[in-house]
Structure formats: C-alpha cells, structure tokens
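Below is one structure; the comments refer to it alone.
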Amino acid sequence: MILFNRMVAVSIVSMLVILATGCSDTSQLANPGQSTAAIHTGATTEETNRTGKVDHQSTVVLTIYVPLENAQGVKASSIELLASEATPLRAVQEAINADRQHEYPLFTKNMKVQKVSVTNGVATIDVNQAFITTKSSDLSVQLRLATIVNTLTSMVGIQSVRFTNNGKPVDTIGAFDTRQPISMMKYMIQQ
C-alpha cells in the first residue's frame, strides 16, 4: 500500500511538473507507464530562449525496476536525479545498486555495464564478460534481464533492449535468447 501511495504521489508530481513546464508535445505521453525523464531533461524552450542555456540543476524522477528479495519478480521504484545525470546508463546503474543493497544480490560486484546507447528506440547495453558467463539459475538470470530491460524501456523513447559484449552482439545470457531486442518484461513486474 505504501508503494502504491508513493507511485500515486510520483505520478501527481510528474503531471504537475509537465503542466508547469508547458510541455506541448503530448505525443511523449503516449505511454503512461513510461518515466518522464526524457520530457524533463532540461529547461523548457521558453527558459532556454530567455537564458540562452539549459538549467541542468532541475531534477527528474526516473522509474527503475529492482528484483524483489523473495525472487518473485521485479518492482518499480522511483529515484530523483539531476536532469543532467538522468541517462539510461545511470538508470541501469541505480537499479543494479539497489539490488546490491539486498542480503542476497543478483548482480555480483564483478558484473559491469560498460555503456548504453539508444538508436531508433532500441537501447544497446554493453556488458562485461562476467555478466554473460557468471553461472546462475535461470530465475536469477531472468530477474537480472527484467531489471535492466524494464528499467530502460520505462524511459521515453526506448521500446526494447539488446545486449552486447565489447560491441559484439550477445546471442544468449544463461538460457535466454538475446539475439533479438527484448521488449518490456511486464510479466515479471510485481506490485
């Protein structure tokens, strides 16, 4: 119930920020489950024209997905960052760091995300070899994938995620086929 109340509060604050900044492009709101980070990553056009620069001190709320400690799925969580720091890479790092606060984290310390780039709605996440080869149960791998995929696809402009290692496509992670970009794993989301 507390999480629901927080999500409602974040939604209301997000809508108020959208109204206050004069967001005139409502097409960015087509997916109501997506984070508003891309909408608020700088000053409004009016502020930019008036000052000649973007206010990077404004903050944005990002939605990240964190594995539940009981391994029953992932849950949405909100974080607030400076607009200048609200990048896909930072969102993934925050989700991984949240998991590492658990008693039994799924992301080991040797697993690294090296970079994230976005092209035509597909986020390409470059992970290190340990991320691919660490022996884990299928459930652990699925939870790690859901954490990353759902965090990235909750951001405006990202519809799917593909994995690479040192720039080369990764065909499988554990028992999971990753040859094609992966869309949001809604079935893994728990309330």
Residue check, ARG90 closer than 29 Å to GLN57 by Cβ, without any contact (Cβ under 8 Å) to a residue 40 or more places away in the chain and within 11 Å of the chain's Cα centre (by Cα): yes
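Here's the yes/no breakdown for (1) farther than 23 Å from ALA86 by Cα; (2) among the polar types (S, T, N, Q):
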| position | (1), (2) |
| --- | --- |
| ALA146 | no, no |
| ASN150 | no, yes |
| GLN159 | no, yes |
| THR164 | no, yes |
| ASP177 | yes, no |
| TYR187 | yes, no |
Tally, over the stretch 79-97, of residues that are farther than 9 Å from THR151 by Cβ and open to solvent by 40 Å² or more (accessible area, probe 1.4 Å): 9
Filter result for TYR104 (assigned to a loop (DSSP other than H, G, I, E, B), open to solvent by 50 Å² or more (accessible area, probe 1.4 Å) and of a type in the set (Ser, Thr, Tyr)): yes
Of the criteria (1) at pLDDT 95 or above; (2) open to solvent by less than 10 Å² (accessible area, probe 1.4 Å); (3) part of a helix (DSSP H, G or I), which one PHE163 fails: (3)
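The values are calculated or read from the model by the stated rules, or taken from the named source; none is laboratory data. Bear in mind the structure is a predicted one, so any value in this text is a computation, not a measurement. Don't worry about glycine lacking a Cβ; one is built from the backbone with ideal geometry, like all the others, and counts go over all protein chains shown. Accessible surface areas use protein heavy atoms only, side chains included; no ligands, DNA or RNA. Shrake-Rupley method; radii C 1.70, N 1.55, O 1.52, S 1.80 Å.
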